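We did not get these values from a lab; they are worked out from the coordinates using the rules stated. Note that the structure is a prediction, hence the values are computed from the model and not measured. Ideal geometry is used to build each Cβ from the backbone, glycine not excepted, and the neighbour counts take in all protein chains shown.
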Amino acid sequence: QVQLVESGGGLVQAGGSLRLSCAASGRTFTNYAIAWFRQAPGKEREFVARIMWSGDSTYYSNSVKGRFTISRDRAKNTVYLQMNSLKPEDTAVYSCAATNNIRVVTASSVYGYWGQGTQVTVSS
């Protein structure tokens, strides 16, 4: 059974940093992509960043490019999201997700596996 478990969320002041972790288990993720999405209250789920499990290909939304970095440690089966220069508008529940439909990057509908999410709150 595939499990994605996020951790690392919390409360931080604007301009601060947080690192989120997504621990993956239950299958081999070769040829999979792992992504981070976020959802703020009253808003639709938004794509944040994606990384291929094999290889170094990454992709970011324009809203986080240059501030966030996605990475993965295959030995630990974990994907990270380093978030720097945080802004109040980054406040959301952040979830990681996995898909083997690697041709589609940002659409949440193609991601079949999801974690439970972790809250990130950025105060002004």
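Among 37, 57, 83, whose Cα projects farthest towards the positive end of the dipole of the chain, with charges put on the beta-carbon of Lys, Arg (+1) and Asp, Glu (-1)?
Towards the positive end, the residue furthest out is 57.
Using a Cα-Cα cut-off of under 17 Å, which lysines could be cross-linked to residue 87, ignoring same-chain neighbours fewer than 8 residues away?
Qualifying lysines at Cα under 17 Å: 43, 65.
³J(HN,Hα) across the range 50-55 via Karplus (A = 6.51, B = -1.76, C = 1.60, θ = phi - 60°), whole Hz, x for Gly/Pro?
The phi angles translate into 9, 9, 7, 5, 9, x Hz.
Work out, step by step, the length gained on full extension between residue 45 and residue 59: first 0.36 nm times the residue separation, then minus their alpha carbon distance; give nm to one decimal.
3.4 nm
Measure out, as a whole number of angstrom, how far apart the alpha-carbon centroids of the range 2-55 and the range 72-124 sit.
2
When Rg is the radius of gyration of the Cα atoms in the chain and Rh is its Kirkwood radius, what does Rg/Rh come to?
0.94
What size of dipole, in debye to the nearest 20, comes out for the range 1-47 about its Cα centre when the only charges are +1 on Lys and Arg C-beta atoms and -1 on Asp and Glu C-beta atoms?
Dipole magnitude for the range 1-47 comes out near 40 debye.
Treating only the Cβ atoms of Lys and Arg (+1) and Asp and Glu (-1) as charged, compute the dipole magnitude of the chain about its Cα centre; round to the nearest 20 debye.
The dipole of the chain has a size of about 180 debye.
When N is the residue count of the range 1-74, what does its C-alpha Rg come to as a fraction of 2.2 N^0.38 Å?
For the range 1-74, the normalised Cα radius of gyration comes out at 1.18.
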